[in-house]
Amino acid sequence: MPNTPFYITTPIYYVNDKPHIGHAYTTILADVLARYHRLLGDPVHFLTGTDEHGQKVQQAAESGGIPAQDHADRTVVRFQELWERLEITNNDFIRTTEERHKIIVQEILQDLYDRGEIYDAEHEGWYDISSETFVTDKDVDEDNLPDHIVRIKERNYFFRMGSYQEWLIQYIEDNPTFIQPDFRRNETLGFLRQPLQDLCISRPKTRLAWGIELPFDKDFVTYVWFDALVNYISAIGYRRDDAQFATWWPATYQLIGKDILTTHTVYWPTMLKAMGVELPQTIFAHGWWLSGQSKMSKSAGNVVDPMKYIDQYGVDAFRYFLMAEMVLGQDASFTEETFSRRYNTDLANDLGNLLSRVTKLILSHFDGRIPTPAETGAEESKLQEVALALSNGVGDAVQRMRLDDGLAQIAAAFRETNRYLEQRQPWVLAKDPHQKELLGTVLYHGAEVLRIVSGLLYPVMPGKMEELRSVLGLPAGEPDIEKLGHWGVLKPGAEVRKITGLFPRTDSRAQKAGAAEQGKPEKKEIEGVMQAEFADFQKIELKTARIVEAERVPDTDKLLRLQLDVAGESRQIVAGIAAYYEPETLVGRTIVIVANLKPAKIRGVESQGMLLAASTDDSLRLVTVDGEIPTGARVG
Ligand code: MSP
């Protein structure tokens, strides 16, 4: 069966200011979907671009004291640079000041005017300068007029939008997937319960000169939205290249933010209907990113700058966070804490740990070659089942536009694999030559899960997954999606490469604590388990913690550096237990720590707490908990 063409668009962004997280989000979402469909073998066309006309851009240019086109030329580069940095694979980038777009807008206007779909009339009403729209009398409180609402009386051109009201309601009801999610469809239907006015599509040049001139009246430019919406079809050859247009239109997904629902689900479909063009398959409106719980705004100074996070955590982690954290359709909260917590939990700990456990043991016990799996038991069957269900599960989540859910399934799979390793204890098997066959089987299973998840995560984190796949000896380039639903694809004997820190752990808390320590005289170095300084035992906060990573502190024979998970927060402690425990045997254990101990440096390594252990002169055993309990649980 031939694959269906997939055409996806983002809104075109105003060039009045530099891009922010909202712009980055929609563009990454479109990119992930485009990449996923390319894996499926679908012909894909992904369009993004910039909206360069209208009042907002004119005002920004005026305040910068430069011509509007110069302002647009400067600002567009910031979007293009960000898309490059974010590894966005758009097939085209349209700017509404390009000739290829302006000509089509004018042809459409002329055609609609010739056919009586556009008429002129004297109009008096309230006009909102900030949104560039007329507002109805009932929405204006004349005794309390804000500065941006002004009374205007002028001749203008109108598009007969109102005449399509009944048709549009019917269309939306007959095509339930046209507006998604469902509650947004209801919002549009609610809006359409009021009489639908004709749309004023002109602005006199005396008021706004920065726009596309009406071909039938040189005293006017067209309303910025009438110009902007046309980009979705002018970019793919409407009225110019019928074959190209027929290939991509109707669009599969038009992604928008919730604030531009009416323009896309009322103006746009009625414009298309008047032009005699089919409607897009789905307009999908996502929610907004909030800064904590508040709306982001320049005046509040809480707008998230994508570059800051890309610089700190890397492009892939940023893409992953945005896709994993937002339930499509709903608002989501962005805070540095949630970012760093998710990064550390999902990527640095769970995925990073799995990768380092598997590759380290393959390198040290199988000459760096994928081992041959032998007979498998119930644990292996269970793991295979989980891994094999992933491909369909993720595909289904993408279909339902629940990318967060797809990513949660993947993260659950690498957690399951870590649990499997904790059960099988390959680091213990590695010590017994008779267990080599089982060790090979266990490591093969870990590596296969990594192969599958690296393929499924590829559209979200292309750079890091390419790296991970090359570590497993997989070919460069896009993964073969077919193989992600099959077990046993890795070839025994294939070379595995060493990798260090695919997602290096970061901890904003630890960094802050570290920064606070700077400049202070370094604490006296302590060998072995730190002694608590507290006089009053009541002050001690004991908590459960899971060991996610353990390694020797270089140049000592007593100290281990342990990386812990405490309720999703990552922290590091140094403990004098190296004589009693091999580092690999500790990973996965739940221990008890003193959580509120002042950070101290032990042999130059920061320790944020201490663990509890029972000891005699010649033995030491860790204090652990009896059974399952989440990390961060209070002890005492
Ligand atoms: N130029 C118009 C769109 C024309 S499309 C034919 C426009 N541009 S915009 O730059 O103001 O906004 C572009 C997109 O960014 C919108 O979809 C808007 O919803 C989205 N976002 C703006 N702030 C946002 C958040 N805080 N969170 C998520 N998206 C947000 O509107």
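The values are calculated or read from the model by the stated rules, or taken from the named source; none is laboratory data. Just so we're clear, the structure is a prediction, and the values are computed from it rather than from any experiment. A quick note on method: Cβ atoms are made from the backbone with ideal geometry, for glycine too, and the neighbour counts reach across all protein chains shown.
From Ala121, Ala34, Ala60, Ala68, which residue is within 14 Å of the ligand (Cβ to nearest atom) and of a type in the set (A, V, I, L, M)?
Numbers: Ala121 fails: within 14 Å of the ligand (Cβ to nearest atom); Ala34 fails: within 14 Å of the ligand (Cβ to nearest atom); Ala68 fails: within 14 Å of the ligand (Cβ to nearest atom).
When all the criteria are applied, what remains is Ala60.
Taking the condition of being among the aliphatic types (A, V, I, L, M) and surrounded by fewer than 15 Cβ atoms within 10 Å (Cβ to Cβ), how many residues in the range 356-377 meet it?
Of the residues in the range 356-377, the ones among the aliphatic types (A, V, I, L, M) are 358, 361-363, 370, 374.
Now drop any that are not surrounded by fewer than 15 Cβ atoms within 10 Å (Cβ to Cβ), which leaves 374.
The number of residues fulfilling the criteria is 1.
Scanning for something of a type in the set (D, E, K, R), farther than 22 Å from Ser356 by Cβ and in a helix (DSSP H, G or I), does the range 464-476 turn up at least one residue?
For the range 464-476, residues of a type in the set (D, E, K, R), farther than 22 Å from Ser356 by Cβ and in a helix (DSSP H, G or I): absent.
Just give me the residues in the range 202-229 being more than 38 Å from the chain's Cα centre (by Cα), among the aromatic types (Phe, Trp, Tyr) and either surrounded by fewer than 20 Cβ atoms within 10 Å (Cβ to Cβ) or under 17 Å from Thr263 (Cα atoms) (or both), in sequence order.
Phe216
What are the residues in the range 248-303 that are away from the ligand (no atom under 11 Å from the Cβ), hydroxyl-bearing (Ser, Thr, Tyr) and crowded, with 16+ Cβ neighbours inside 10 Å, if any?
Thr252, Tyr253, Thr265, Thr270, Thr282
Quick test for you: out of Pro479, Pro426, Pro433, pick the one residue that is farther than 25 Å from Ala374 by Cα and out of contact with any Pro (no Cβ under 9 Å at 6 or more places or on another chain). If you could, list the steps in order and put the result at the bottom.
Details: Pro426 fails: farther than 25 Å from Ala374 by Cα; Pro433 fails: farther than 25 Å from Ala374 by Cα.
The unique qualifying residue is Pro479.
Looking for something surrounded by 16 or more Cβ atoms within 10 Å (Cβ to Cβ), among the hydroxyl-bearing types (Ser, Thr, Tyr) and outside any helix (DSSP H, G or I) - is there at least one such residue anywhere in the range 148-162?
yes
Can you spot a residue in the range 8-30 that is within 16 Å of the ligand (Cβ to nearest atom), among the β-branched types (Val, Ile, Thr) and surrounded by fewer than 22 Cβ atoms within 10 Å (Cβ to Cβ)?
yes
For the range 273-315, give me each residue that is within 23 Å of Asp227 (Cβ to Cβ) and either in contact with a helix residue (DSSP H, G or I) (Cβ under 8 Å, 6 or more places away or on another chain) or at pLDDT below 95 (or both).
Answer for the range 273-315, where residues must be within 23 Å of Asp227 (Cβ to Cβ) and either in contact with a helix residue (DSSP H, G or I) (Cβ under 8 Å, 6 or more places away or on another chain) or at pLDDT below 95 (or both): Lys273, Ala274, Met275, Val277, Glu278, Leu279, Pro280, Ile283, Ala285.
Show me the strands (runs of 3 or more DSSP E) found entirely inside the range 188-282 where at least 1 residues are touching a His at 6+ places or on another chain (Cβ under 6 Å).
Hits in the range 188-282: 253-257.
A quick yes/no check of all residues on (1) outside any helix (DSSP H, G or I); (2) surrounded by fewer than 22 Cβ atoms within 10 Å (Cβ to Cβ); (3) aliphatic (A, V, I, L, M); (4) within 16 Å of the ligand (Cβ to nearest atom):
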position: Tyr320; (1), (2), (3), (4): no, no, no, no
position: Val327; (1), (2), (3), (4): yes, yes, yes, yes
position: Asn349; (1), (2), (3), (4): no, no, no, no
position: Gly393; (1), (2), (3), (4): no, yes, no, no
position: Ala412; (1), (2), (3), (4): no, yes, yes, no
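Select the helices (runs of 4 or more DSSP H) contained entirely in the range 1-101, then report the ones holding at least 3 residues which are closer than 19 Å to Val303 by Cα and in contact with a Gly (Cβ under 9 Å, 6 or more places away or on another chain). Walk me through how you get there before you give the answer.
Working: elements: 21-39, 55-64, 68-85.
Per the criteria, 21-39.
Looking for something within 16 Å of the ligand (Cβ to nearest atom) and over 25 Å from Val327 (Cα atoms) - is there at least one such residue anywhere in the range 187-201? Step through it out loud before you land on a result.
Applying the first criterion (within 16 Å of the ligand (Cβ to nearest atom)) to the range 187-201 yields 187-188, 199, 201.
Narrowing the set further to residues that are over 25 Å from Val327 (Cα atoms) leaves 199, 201.
So far as the range 187-201 goes, yes, one or more of its residues are within 16 Å of the ligand (Cβ to nearest atom) and over 25 Å from Val327 (Cα atoms).
Kindly list, by first and then second residue, each pair from a residue in the range 288-304 that is over 9 Å from Thr335 (Cα atoms) to a residue that is hydroxyl-bearing (Ser, Thr, Tyr) and near the ligand (Cβ under 7 Å from one of its atoms), limited to pairs with Cβ atoms under 6 Å and residues at least 6 apart or on different chains.
Going by the 6 Å Cβ cut-off, there are no qualifying pairs.
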